[in-house]
1. In a shell of Cβ-Cβ distance under 15 Å around Val252, excluding Val252 itself, what net charge do Lys and Arg (+1) and Asp and Glu (-1) give?
2. Using the heavy atoms of the protein chains alone and a 1.4 angstrom probe, what is the accessible area of segment 45-135 per residue in square angstrom?
3. With +1 on the Cβ of every Lys and Arg and -1 on the Cβ of every Asp and Glu, and nothing else charged, how large is the dipole of segment 62-141 about its Cα centre, in debye rounded to the nearest 20?
4. Relative contact order of the chain: what whole-number percent is it, with Cα pairs under 8 angstrom and at least 6 residues apart?
5. Report the calculated FRET efficiency for Arg208 and Asp107 (r = Cβ-Cβ distance, R0 = 30 Å), to the nearest 0.05.
6. Taking 7 Å along the Cα-to-C-beta vector as the label spot, tell me the Arg263-Arg133 distance in nanometres, rounded to one decimal.
7. Please work out the C-alpha center-to-center distance from segment 20-44 to segment 163-186 and express it in whole Å.
8. Name the residues whose placed amide hydrogens come within less than 5 Å of the amide hydrogen of Arg243, ignoring near sequence neighbours (fewer than 5 apart) on the same chain.
Amino acid sequence: MAASPLAELVPTAFVTGASQGLGRAFSEMLLAEGVRVWGTARSVERLTELAGNPLFTPVALNLGDPAAAERAYLDASAQAGGFHLVVNNAGYGIFADTLAEDPAVWDAQIDEMLKATLRLGRLALLEMKPRGRGHLVNISSLAVEFPLPFMSGYNVVKAGLSAWSESLAVELAGSGVCIVDFRPGDYRTDFNRVATQGAGADTPRAQRAWKVLGRNLDVAPRPTRAAADLRRAILRRRTGIVRSGAFFQACVAPFLVRFGTWRIRHEIMKRYFGL
Ligand SMILES: NC(=O)c1ccc[n+]([C@@H]2O[C@H](COP(=O)([O-])OP(=O)(O)OC[C@H]3O[C@@H](n4cnc5c(N)ncnc54)[C@H](OP(=O)(O)O)[C@@H]3O)[C@@H](O)[C@H]2O)c1
């Protein structure tokens, strides 16, 4: 049987955080297209269902142990004969008052979600650049432009990841490698359910914001829409920002970013979250 256009372009893929939510949907989309996928979770038991597909290989990877995560990536890459697509997707939220929370908590989130992710991306690019082809997709967030209240560590991580994608886009221009800064709006996943509620999360002010965050996710599109957007983005073979989500977040919000001032965005955010 002839390979799908996607499998021809990216025969092998490495997806972090494949056990649920967006990473699971990305993996299922890629497998359905005939791409061989190495997908990660902290515990491989969480990948049992995906592992029923002969094109899928489970990988244990914890961003909390960056050296082991790099080894896991390199082992998987050796098995795969190199990856044509790497999706840096794994991540989590910490909902807490920026000042009340122990600074070590924010440090750990930045170490795991930003620094460890950058290391994996670097390994991927070291393989892709000499080959003159490949896609690195960094799953950032609309939070880069519309920061989520009481999730300052998360906002810093996503802003850093997007800044890194833009830096790479310039450095690797003309190399044949595509850098995709994928910025989802809200998607209906377990993200909020597994988020940690830290110091100061129980104040009435913080709880008002938490309620809005929960309500948004409850009515958000399903992750399959993000997977369809990712598929289109890869087939486009272009470096750049890809926005994904419901109409307002994927189309109207970027318009506000382009033409609205910082103050306008700030006022919208305060009202939106009842702050
Ligand atoms: N859902 C949204 O509305 C939304 C919006 C914008 C951006 N995003 C971003 O999209 C990505 C996926 O989010 P999601 O909504 O799909 O969340 P999710 O359902 O909670 O899935 C998170 C995935 O990341 C993995 N993970 C979490 N912490 C990890 C760690 N320390 N080391 C390794 N893997 C870890 C989890 O695997 P295990 O727990 O099995 O190890 C899981 O597979 C995240 O980067 C998130 O910031 C989500």
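1. My count for the surroundings of Val252 gives +2.
2. On the way: 4290 Å² over 91 residues.
Value returned for segment 45-135: 47 Å² of accessible area per residue.
3. 700
4. About 20 percent, as a whole number.
5. 0.65
6. 5.2
7. If you average the Cα positions of each part, the centres end up 21 Å apart.
8. It is Arg183, by chain and number.
The values are calculated or read from the model by the stated rules, or taken from the named source; none is laboratory data. In this text the structure is predicted, and so the values were computed from the model without any measurement. Don't worry about glycine lacking a Cβ; one is built from the backbone with ideal geometry, like all the others, and counts go over all protein chains shown. We work out accessible area using only protein heavy atoms, side chains counted, and drop any ligands, DNA or RNA first. Shrake-Rupley method; radii C 1.70, N 1.55, O 1.52, S 1.80 Å.
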